[in-house]
Amino acid sequence: MKRFISTLQFLTRITIIKNPEYDEDFKKGIIYFPMVGLVLGAILAVVYKGLITLLNPTVTSIFVIGIYIVLTGGLHLDGLADTFDGFYSSRTREEILVIMKDSRLGSNGVIIINLALLLKVFTLASMTENQAIFALILMPVMGRLATTYGSYKIPYAREKGLGHIYIDAITTKEVVYATCIAAVIALVDIKSLPFIIIVGLFSIVFKNHSKNIISGMTGDTLGALCELTEIFYLLYTMILLK
């Protein structure tokens, strides 16, 4: 339980214990990434359920996604923006890594953030109330499962950084545990279970793409992988509904 709480606080702005200890085995908490997603998803579902009785689906979706950003501190959106600013700048590997570390936002970053938020809001708004609630519960689970896969057997592209805690530092056993936890959670909506396979395949493609550009993964690319997976999950859900 202590490791789960530490992992929850590391990935979100939810504070349960002040000054948690991050020991050398902290990385083992990666098996709880899908459970952190479940906590976030449950909060979003409750907020959506409360707001949809007062507001229309589009406005409700905007508020819910806004609350999601507050809960995570925009951590993964920042990684998405930095990744797109760097990857598609047509620069050398070293220059790309410098761009990704720069706190300033470039045009590619602005475009992808706006596109990501629009896709999330309008895909949710197109669903019925029950469908949107299930999607909100599972969207963060799938995103954080993707970051687990994104950390597995891939070099860390920088010399140091927070991403180094997990990237190329987790075992096959931990990946299997995380997958099993995500699969159990996905039973909430059985149609979402096959998406775990898509998460695995997309993570492989994304890691190879990142390796070709910067010779590995970073914390930013993990954030980008999480955000893109969440968008694909919402699109997957919407396609199934059609």
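The values are calculated or read from the model by the stated rules, or taken from the named source; none is laboratory data. Quick caveat, the model's predicted, so the values are computed rather than measured. Positions of Cβ are generated from backbone atoms using ideal geometry, with glycine treated the same way; all protein chains shown enter the neighbour counts. The protein model used for the area step is the full one, side chains on, heavy atoms only, and it has no ligands, DNA or RNA in it. Shrake-Rupley method; radii C 1.70, N 1.55, O 1.52, S 1.80 Å.
Is it fair to say G50 is more than 22 Å from the chain's Cα centre (by Cα), under 29 Å from L8 (Cβ atoms) and surrounded by fewer than 20 Cβ atoms within 10 Å (Cβ to Cβ)? Walk me through it before giving the result.
Working: more than 22 Å from the chain's Cα centre (by Cα): yes; under 29 Å from L8 (Cβ atoms): yes; surrounded by fewer than 20 Cβ atoms within 10 Å (Cβ to Cβ): yes.
Spelling it out, G50 is indeed more than 22 Å from the chain's Cα centre (by Cα), under 29 Å from L8 (Cβ atoms) and surrounded by fewer than 20 Cβ atoms within 10 Å (Cβ to Cβ).
Counting only residues that are modelled with pLDDT under 95 and over 22 Å from E230 (Cα atoms), how many does the range 163-177 have?
Total meeting the criteria: 6.
Quick one: how many residues across the range 129-154 are in contact (Cβ under 8 Å) with a residue 12 or more places away in the chain, open to solvent by 50 Å² or more (accessible area, probe 1.4 Å), out of contact with any Leu (no Cβ under 7 Å at 6 or more places or on another chain) and at negative phi?
Selection size over the range 129-154: 2.
Please go through (1) more than 18 Å from L228 (Cα to Cα); (2) part of a helix (DSSP H, G or I) for N208 and return the number of the only condition it doesn't satisfy.
Every condition holds for N208 apart from (1).
Taking the conditions exactly as written (at pLDDT 95 or above and within 19 Å of L80 (Cβ to Cβ)), does T148 satisfy them or not?
Spelling it out, T148 is indeed at pLDDT 95 or above and within 19 Å of L80 (Cβ to Cβ).
Identify all residues within the range 211-242 that are touching a residue at least 60 places away in the same chain (Cβ under 8 Å) and among the polar types (S, T, N, Q); write none if there are none.
Across the range 211-242, the qualifying residues are S215, T218, T221, T229, T237.
Looking at the range 4-18, which of the residues that are in a loop (DSSP other than H, G, I, E, B) and open to solvent by less than 60 Å² (accessible area, probe 1.4 Å) is nearest to G37 (Cα to Cα)?
T12
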